[in-house]
Amino acid sequence: MTLELSHLHRRYAGFAALDDVSLCIEPGEFLALLGPSGSGKTTLLRILAGLDYPDSGSVRQNDRDLLAVDARERKVGLVFQHYALFRHLTVSENVAFGLRIRPRKSRPGRAEINERVERLLKRVQLDDLGKRYTSQLSGGQRQRVALARALAVEPDLLLLDEPFGALDAQVRVALRRWLRNLHEELGLTSVFVTHDQEEALELADRVAVMNRGRIEQIGTPEAIYQQPATPFVCEFIGKNNRIPLQRANGVLTGGQRQLGADPWPGNAVGSAIGYVRPEHLLVSSTPSTDGWAAQLRHIYLAGGVAHLELDVPALGQVLEADMSSDEVAQRGLQPGQSLVVQPRLITAFPLDARGAADAAARHVLQPQAAS
Amino acid sequence: MGHKRRRVLPGFGISLGYALTYLGLIVLLPLAALVWKASALDFSGWLQLLSAPRTLAALKLSFGGALIAALFNAVAGLLVTWVLVRYRFPGRRLFDALVDLPFALPTAVAGIALTAIYAPNGWLGQYLLPLGIKIAYAPAGVLVAMIFVGFPYVVRTLQPVLETLDRDVEEAAESLGATRLQTFVRVIVPALLPTLLTGFALALARAVGEYGSVIFIAGNIPLRSEIAPLLIVQKLEQFDYAGAAALGTVMLGFSLVLLVAIALLQRWSGRWAERAA
């Protein structure tokens, strides 16, 4: 059951929620739609659910036009951020809802419904709470009821809209690992919307990063993190130091230091933008001409990892470098110390005359130490 | 246990005392006086009062009419509230303000206005009469007046609740395969039912007690379009104070039974919201 979304456009009064979005969802895949608010991710999910319709474009499921199918016939399981449970029904009645409302012909018998509800409640670990009303449950329990309710109708596609958004941090992590396991057990094609990159990277098989109604990049969590394709992805996913670069005479420089040959054709004089992850900044205590001279301003210890705040006069900015807390202790690094910083991996984009980055001309530089 | 529960606002004792005294003075004292006055009537007097066909017809019209009017208002009020809350259209605010008009209008004025419209020579009455529908000077007129005065209660109680009703829930029902009718009957109505019953009870109480507008449109034909409050006024005019008080007590008892029944129904319909986690 491959889902093919092509050239979807959706405008709300003067605002493009979706701007030419094309996407292929593979059977059994767990896909995350990740982006800031207003990036169009929820609109995309609602179109898949049949609760919203695109102005143009198509959604096909194998050879079937999904947009011609009414929301209630799409066989889609939907889970909302705020649970959207039926408050006047008990947990069991909530889960049974989708089965009980079926026309008599296709409705399973009472015993079968009860059995199915019980099985589902067991699956979401709520088997002893069936008789409670939903107001008597915690947030994590409510979301599991919502999930059981969505699974009860045996959907072809499971859609989750910020499913952990309303939960507190601990429950959130526990529930998402649990959901990942459940997905592996069921093999159900699932799409979930989130603005939490950690959640997307941890949970999904593939992540689609969205911004301003467009998909910036789609790929595995590793690819999204290791090989960000656009400046937006560089800035949105993980941490990145943003460094201005100069192009002149076939050489790329940054902070008065040559970083390598100008990778772009045209021998132009101009500027570019480079992104370096904190873990790709090599920090050495021995004075050397291979990197930027820097002063250690502050060390933020965050458990096993230490974030080093480095003032680099050559760049006129502060860089952040990461290393393990153990290493900081071993090397006896102290605030105020003079250090040398070297970028090991830079993702660079050339800028045009108006200062706009060209994502298609992305280039990854690995500056070599002169030694 | 043992611990005194801490409250954010102090003065529970004094405010409870005030509330009870106030309730006693404003509500219970006059009612007690009514019952005390009615006790002046001896057994045969009660028997005579309660077996009189005119009394029975008036009570039947008052309570039956009020029930029908409140039921009508519950349905129509739900519809109007739905439109006011869920749709955006030009003039919505004006429409919204108009709902309160029956609250503000002196009921006699309302009665005269309704009579002018529904009288056999009135704007609507002249077209309804050839169809065999007689509203003014008939039991139907009593109903029209009762509907008019009770209408705002349903809208105003439902409105805030409908505004906070989560639309996700409707979408969840739809994606689970519910038709629009199923979503309405199985999801929306149960969520609104406790509030709808409150509105129903208020509209009912108002219709039972209505006097001013009804007597203008009803025609007050004994055994046909005469309401119980009018009988009370007539008894007062004949200086039959005990009889008037007795009839008032009977109305009071009926109203109490109805309101308690509605309150129980309401509690049952809202049982899911009672104990929060």
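Every residue in region A:65-79 that is under 15 Å from A:Pro155 (Cβ atoms) and open to solvent by 10 Å² or more (accessible area, probe 1.4 Å), please.
Of everything in region A:65-79, those that are under 15 Å from A:Pro155 (Cβ atoms) and open to solvent by 10 Å² or more (accessible area, probe 1.4 Å) turn out to be A:Val69, A:Asp70, A:Arg72, A:Glu73, A:Lys75, A:Leu78.
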Of all helices (runs of 4 or more DSSP H) fully inside region B:26-130, the set with 1 or more residues that are open to solvent by less than 80 Å² (accessible area, probe 1.4 Å), in contact with an Asp or Glu (Cβ under 9 Å, 6 or more places away or on another chain) and under 21 Å from B:Thr198 (Cβ atoms) is B:53-86
TODO: Confirm whether B:Gln159 is among the polar types (S, T, N, Q), surrounded by 17 or more Cβ atoms within 10 Å (Cβ to Cβ), closer than 29 Å to B:Leu258 by Cα and out of contact with any strand residue (DSSP E or B) (no Cβ under 7 Å at 6 or more places or on another chain).
DONE: yes
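Which of the following residues is open to solvent by less than 60 Å² (accessible area, probe 1.4 Å) and without any contact (Cβ under 8 Å) to a residue 12 or more places away in the chain: A:Ala248, A:Ala306, A:Ala223?
A:Ala223
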Among residues of region A:331-343 being without any contact (Cβ under 8 Å) to a residue 60 or more places away in the chain and assigned to a strand (DSSP E or B), the residue farthest from A:Leu296 (Cα to Cα) is A:Val340
Exactly one of A:Ala111, A:Ala146 is within 13 Å of another protein chain (Cβ to nearest Cβ) and either touching a Leu at 6+ places or on another chain (Cβ under 9 Å) or assigned to a helix (DSSP H, G or I) (or both), and that residue is A:Ala146
Within region A:54-74, residues of a type outside the set (S, T, N, Q) and either within 11 Å of chain B (Cβ to nearest Cβ) or part of a loop (DSSP other than H, G, I, E, B) (or both) come out as A:Pro54, A:Asp55, A:Asp63, A:Val69, A:Asp70, A:Ala71, A:Arg72, A:Glu73, A:Arg74
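Conditions (1) under 14 Å from the mean Cα position of the chain (by Cα); (2) open to solvent by 10 Å² or more (accessible area, probe 1.4 Å), marked per residue:
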site	(1), (2)
A:Leu120	no, yes
A:Ser138	no, yes
A:Arg142	no, yes
A:Arg149	no, no
A:Glu154	no, yes
A:Glu185	no, yes
A:Asp205	yes, yes
(1) within 14 Å of another protein chain (Cβ to nearest Cβ); (2) within 18 Å of A:Ile218 (Cα to Cα); (3) assigned to a loop (DSSP other than H, G, I, E, B) all hold for A:Leu51 apart from (2)
Hey, any hits in region A:320-330 for a residue that's loosely packed, with under 15 Cβ neighbours inside 10 Å and either in contact with a Ser or Thr (Cβ under 7 Å, 6 or more places away or on another chain) or assigned to a loop (DSSP other than H, G, I, E, B) (or both)? no
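Among what's in region A:253-282 and is of a type in the set (Val, Ile, Thr) and either over 16 Å from A:Pro231 (Cβ atoms) or open to solvent by 10 Å² or more (accessible area, probe 1.4 Å) (or both), pick the residue that is modelled with the highest pLDDT.
Across region A:253-282, the extreme among qualifying residues is A:Ile273.
The values are calculated or read from the model by the stated rules, or taken from the named source; none is laboratory data. Just so it is clear, the model here is predicted, and its values are computed rather than measured. Cβ coordinates were reconstructed from backbone atoms using ideal geometry, including for glycine residues, and neighbour counts include every protein chain displayed. Note: areas computed on protein heavy atoms with side chains; ligands, DNA, RNA excluded. Shrake-Rupley method; radii C 1.70, N 1.55, O 1.52, S 1.80 Å.
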